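The values are calculated or read from the model by the stated rules, or taken from the named source; none is laboratory data. In this text the structure is predicted, and so the values were computed from the model without any measurement. No Cβ is skipped: glycine too gets one built from the backbone with ideal geometry, and neighbour counts run over all protein chains shown.
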Amino acid sequence: MSSRPADDLSSHPSIDPASLLSPARRTADLARLSESPEADVVVIGGGVTGAGVALDAVSRGLSTVLIESRDLAFGTSRWSSKLVHGGLRYLASAAVGIAYESAVERNALIRNIAPHLVHPLPQVVPLLDDVSFVDAAITRAGFLAGDALRIAARTPSSTLARSGRIPAAEVAALAPTVKREGLRGGLLNWDGQLNDDARLVVGIARTAASLGATVLTHARADQVTGTSVTVTDELTGRSFDVRARSVVNATGVWSAQVDSSIALRPSRGTHLVMSQDSFQGLRAGLTVAVPGHFGRYVFALPQPDGSVYVGLTDEETSGEIPDVPQAQESEIDFLLDTVNLALGTPLTRDDILETFSGLRPLLDSDTGATSDVSRKHAVLTRDDGLVTVVGGKLTTYRRMAEDAVDAALATSGLSATPCRTRTLGLVGAPSMKDPAANDPAAALAKVAAPRRLVAKYGTEAPAVLALADSDPTLAAPVADGTSITGAELAFGVCAEGAVTVGDLLERRTRLSLTPLVADAARPSAAHAVDTLA
């Protein structure tokens, strides 16, 4: 592997050089910041919310620094169901405001912000013997309410089709392993699905960088106040103080460690990773009601990489926050038992390739179970001006960021232009200046690269392909069992801020979700880091 990829990328017509989070840029940004340690806004936390805050702030004309102690999307942001919810699940608890907000943000993501990363996903509810006619009618009414939310959010039916009832044969075509006995058809609904939640975070951070934000990963923030923070480069150990007009705490489940006045009640959501072979080619999200829990479901969700995620749980956690939460045996049993209610041949633990769990940063509201805690986000301002944003969910990250920046402006007295992130496309999204931008799918179909790459990199896919063209050693898959190439590892290091092998395997490529393949790819990832970082 040569040292040319960074030069090749900066000169490629599909790449904005200012967006590249390269090793050289990290070194230069650290040096510049230490020499002139001031900013309008310092954001702590490189998850989807923190990256969103950085993008919102810099796009309003504020000098912005993002500090992340580990890596972009290191925490909860990479452990979602990959769904971009339209708010339907919140209608079950009469949370109409949150439901509408979710539908509006889904519309922005799928049509403007990241149409290359978000696509429509059909979801089917099989109507089996254990689904009464009353329950079916209630579910159908809920789907009709979801249609109303879609219309209110101005999402056309050409983007997300209306819901409806489908015959048993169509249910079987979409979900081949569903029980046939007693199957009297199904209910079909449409929602948004992310190709990869970690890639969304990287795209947000790179877009912020393209507008002038300083994005520093593997840099720790200590001694945090509303107007200052001590930054330590985790790679060198060097520390320096940064002054800010406002500091925003967007560290998710670690928020209380930055601001001890906040009380969180983390909830663990666990998924099982399975092969499509276990589902014989699942083409829709399979939705199975949890017995005795109105409005709660377990989903089997097909993924672009040929896997299926079965999830998710909602279990209160306590004690020290782990870097990587672990699934509990009881959660695995619950997910298998529930999804098997709809399957002709039960799944077993032998079908599980891996598990993953994420912690929801829920604000403690003294309610009963964590499933009853509001998913609405909160923006809190401490006496010294420190702004903390917690709660919420991936779909509404942009609105959370907007509210956090509004709070920072109100506290600091800074002036800024209005928020514009609702229509600001991320790197890789079709340009709004393109006449085809009104039809993002059509614009992306014209990108001269394999569909697999376009689904990950959007309009930047030709740049990844060009890396392999200029260096044939980067063209081959990095291991058996994956299509990911050395060019994608090189792009991760030279464009997407990957610093360690873990950054590449766990967040830029998600190979870690298939451990055997990840182990085989580890030497290639190590070589990319050693050679390019």
The condition of being in contact (Cβ under 8 Å) with a residue 40 or more places away in the chain, outside any loop (DSSP other than H, G, I, E, B) and more than 30 Å from GLY212 (Cα to Cα) holds, among VAL58, VAL124, only for VAL124
Given (1) crowded, with 21+ Cβ neighbours inside 10 Å; (2) within 26 Å of the chain's Cα centre (by Cα); (3) over 21 Å from ASP56 (Cα atoms); (4) at pLDDT 95 or above, LEU187 misses just (2)
Quick count over region 490-523, residues being in contact with a helix residue (DSSP H, G or I) (Cβ under 6 Å, 6 or more places away or on another chain) and in a helix (DSSP H, G or I), is 16
Hey, ALA289 farther than 30 Å from SER412 by Cβ and either of a type in the set (D, E, K, R) or modelled with pLDDT under 95 (or both) or not: yes
Taking region 128-154 and keeping residues part of a loop (DSSP other than H, G, I, E, B) and either touching a residue at least 60 places away in the same chain (Cβ under 8 Å) or assigned by TED's automatic domain parsing to the domain that holds TYR297 (or both) leaves LEU128, ASP130, VAL131, ALA153
Wholly inside region 159-241, strands (runs of 3 or more DSSP E) that include 2 or more residues that are touching a residue at least 24 places away in the same chain (Cβ under 8 Å) and more than 28 Å from SER275 (Cβ to Cβ) are 164-166, 214-216, 219-222, 228-233
